[in-house]
Amino acid sequence: LQVEHLVRPDACLFFFFNVPATTEIYTRSLHDAVLSCQRLQQATAQRLSRAQTTPNSQLTPASLDECAMPDSKGITLLERAASRATWTARGLQATRRVARTIADLDDSNELRPEHLAQAIALRSPLSE
């Protein structure tokens, strides 16, 4: 199963599922699609309100320090997760980028520990 997505200029997101021997297009209900578009537009507006023109996925390490710097609790959370899963610096940066996006979707200027926790949970399971 291969999943592709297409973002239209109006920020609506549609998913196309390419299944071998058959191609089907699944769409959410119109109501859910409208809500998703609104959340994406809100997150983009949040990012632009910080005068950040670069998408979160393309933030440099220096830019991450400006707009995705966790507080002391967040740093502790990241350090604990990174040491248990032996993440690289690149892995930590990727987690911070995802957390910044989660914060934008939450309409938050601050990167809070709950945003980091959700980003950490989206990564592969921590090693025991």
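With every protein chain left in place, what is the accessible area per residue of the stretch 44-128 in square angstrom, probe 1.4 Å? Kindly include the intermediate steps, with their values, before the conclusion.
On the way: 5050 Å² over 85 residues.
Roughly 59 Å² per residue, with all protein chains present.
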Handout entry: Protein accessible area in the stretch 41-128, 1.4 Å probe - carbon and sulfur %
Key = 53 percent
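The values are calculated or read from the model by the stated rules, or taken from the named source; none is laboratory data. Quick caveat: nothing in here was measured; it's all calculated off a predicted structure. When the accessible area is computed, the model is the full protein with side chains, heavy atoms only, and any ligands, DNA or RNA have been set aside. Shrake-Rupley method; radii C 1.70, N 1.55, O 1.52, S 1.80 Å.
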